[in-house]
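Following: one structure in structure tokens, then a few remarks.
The values are calculated or read from the model by the stated rules, or taken from the named source; none is laboratory data. A quick note: this is a predicted structure, and the numbers were derived from the prediction, not measured. We place every Cβ from the backbone using ideal geometry, glycine too, and count neighbours over all the protein chains shown. Only protein heavy atoms, including side chains, enter the accessible area calculation; ligands, DNA and RNA are left aside. Shrake-Rupley method; radii C 1.70, N 1.55, O 1.52, S 1.80 Å.
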Amino acid sequence: MGKPDPKCPIRPGEACLLCHPGAHGPEDCGLVWLVMNDPELSEQLAELRREMAAAG
Ligand code: SF4
């Protein structure tokens, strides 16, 4: 039962590096929360993910 590797939702393809002060992982990362709750930012993130997916 390995601990799942927490991936940063806003830096696609990269593991969570706890870069946000006070974060213990993506689940309590204030930056992730901010992006997910901002329609404009989350749309930009969705677009970035599509580009990443297209690039392989
Ligand atoms: S602390 Fe937040 S922004 Fe930083 S790597 Fe982890 S999930 Fe991503």
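What percentage of the solvent-accessible surface of the chain, computed with a 1.4 Å probe over protein heavy atoms, is contributed by carbon and sulfur atoms? Each step should come with its number before you reach the end.
Working: 2650 of 4380 Å².
Ligands and nucleic acids excluded, carbon and sulfur reach 60 percent.
To the nearest 20 debye, what charge dipole does the chain have about its Cα centre, counting +1 at the Cβ of each Lys and Arg and -1 at the Cβ of each Asp and Glu? If you can, show how the numbers build up before the last one.
Values: 5 positive and 9 negative charges, 48 e Å.
The dipole magnitude comes to about 240 debye.
Could you tell me what fraction of 2.2 N^0.38 Å the Cα radius of gyration of the chain comes to, as a two-decimal ratio? Mind dumping the intermediate values first?
On the way: Rg = 12.1 Å, N = 56, 2.2 N^0.38 = 10.2 Å.
For the chain, the normalised Cα radius of gyration is 1.19.
With r as the distance between the Cβ atoms of Leu48 and Asp28 and R0 = 30 Å, compute the FRET efficiency 1/(1 + (r/R0)^6) and round to 0.05. List each step's numbers first, then the result.
Working: r = 22 Å, r/R0 = 0.74.
After rounding to 0.05, the efficiency reads 0.85.
Take peptides 34-45, 7-18 and line them up by average Cβ neighbours within 10 Å, highest first, as a rough protection proxy. Spell out each step's value before the answer.
Numbers: 34-45: 12.5, 7-18: 14.6.
Taking the mean over residues of other Cβ atoms within 10 Å, the ranking is 7-18, 34-45.
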